[in-house]
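Engineer: Here it is: the structure, laid out below.
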Amino acid sequence: MASFGYFKRDLNQVLFEGDSFYREVILNRPTKLNSLNYEMISQMLKKFRDFEMDSTVKFVILKGNGKAFCAGGDIVSVVGSIITGSWSFGARFYENQLTLDYLLATYRKPLCLAAKKLKEK
């Protein structure tokens with residue numbers, strides 16, 4: 001299997017906060033417009049499943065640090081890995097991303113997208 005430098009484990013790319021009755025999921029990759037990489041999707045899948053099963057969590061708030069909430073999937077890393085010979089990474093990436101999309105679309109608890117305050121002039 002070819003090695004590639006596109007997969008970087010950085011646990012701070014998604015932040016999880018909140019208190020006893022709500023959770024916040026904060027995308028924290030502002031230099032990449034919070035585009036989702038494999039690690040972010042994997043972390044979010046686990047946490048969203050945990051939150052859904054936790055009876056103390058009543059709702060989940062979604063936020064994005066920086067000027068964009070989320071630019072979608074990180075296509076650059078997927079294409080880069082395919083070019084270097086790891087086509088299976090692309091398949092796993094999209095399998096996880098579509099699983100996350102489905103989970104959020106059918107989520108049993110309220111999901112709230114937090115809007116940013118506009119800067120006053």
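All of the numbers you see were taken from the coordinates with simple rules; none came from a lab. As the structure is a prediction and not an experimental result, all values here were calculated from the model. So basically every Cβ, Gly included, is an ideal-geometry build from the backbone, and we count neighbours across all protein chains shown.
Engineer: Taking the dipole about the Cα centre of the chain, with the C-beta of Lys and Arg at +1 and of Asp and Glu at -1, give me whichever of V14, Q43, A71 is farthest to the positive side.
Structural biologist: A71
Engineer: If one puts a single equal scatterer on every Cα of the range 48-117 and applies the Debye formula without solvent, what log₁₀ I(q)/I(0) results at q = 0.13, 0.16, 0.17 Å⁻¹?
Structural biologist: -0.54, -0.75, -0.81
Engineer: Can you give the Rg to Rh ratio of the chain, both from alpha-carbon atoms, with Rh computed by the Kirkwood formula?
Structural biologist: 1.01
Engineer: Nearest-5 percent of antiparallel DSSP beta bridges in the chain?
Structural biologist: Within the chain, antiparallel bridges account for around 35 percent of the total.
Engineer: What ranking, highest mean first, results for peptides 38-47, 71-80 when packing means the other Cβ atoms within 10 Å averaged over each residue?
Structural biologist: Those peptides, ordered most packed to least, come out 38-47, 71-80.
Engineer: Roughly how many debye, to the nearest 20, is the charge dipole of the chain about its Cα centre, given +1 on each Lys and Arg Cβ, -1 on each Asp and Glu Cβ, and no other charges?
Structural biologist: 400 debye
Engineer: Run the simple label-point estimate for I75 and D101 please: 7 Å along Cα→C-beta, distance reported in nm.
Structural biologist: 1.3 nm
Engineer: With θ set to phi - 60° and the Karplus curve 6.51 cos²θ - 1.76 cosθ + 1.60, what are the ³J(HN,Hα) couplings of the range 62-68 in order, to the nearest whole Hz, using x for Gly and Pro?
Structural biologist: 9, 9, x, 6, x, 8, 10
Engineer: Give me the extension gain from I61 to R49: residue separation times 0.36 nm, minus the current Cα-Cα distance, reported in nm with one decimal.
Structural biologist: So the extension gain works out to 2.9 nm.
Engineer: The range 10-55: Rg/Rh from Cα coordinates, Kirkwood Rh?
Structural biologist: 1.00
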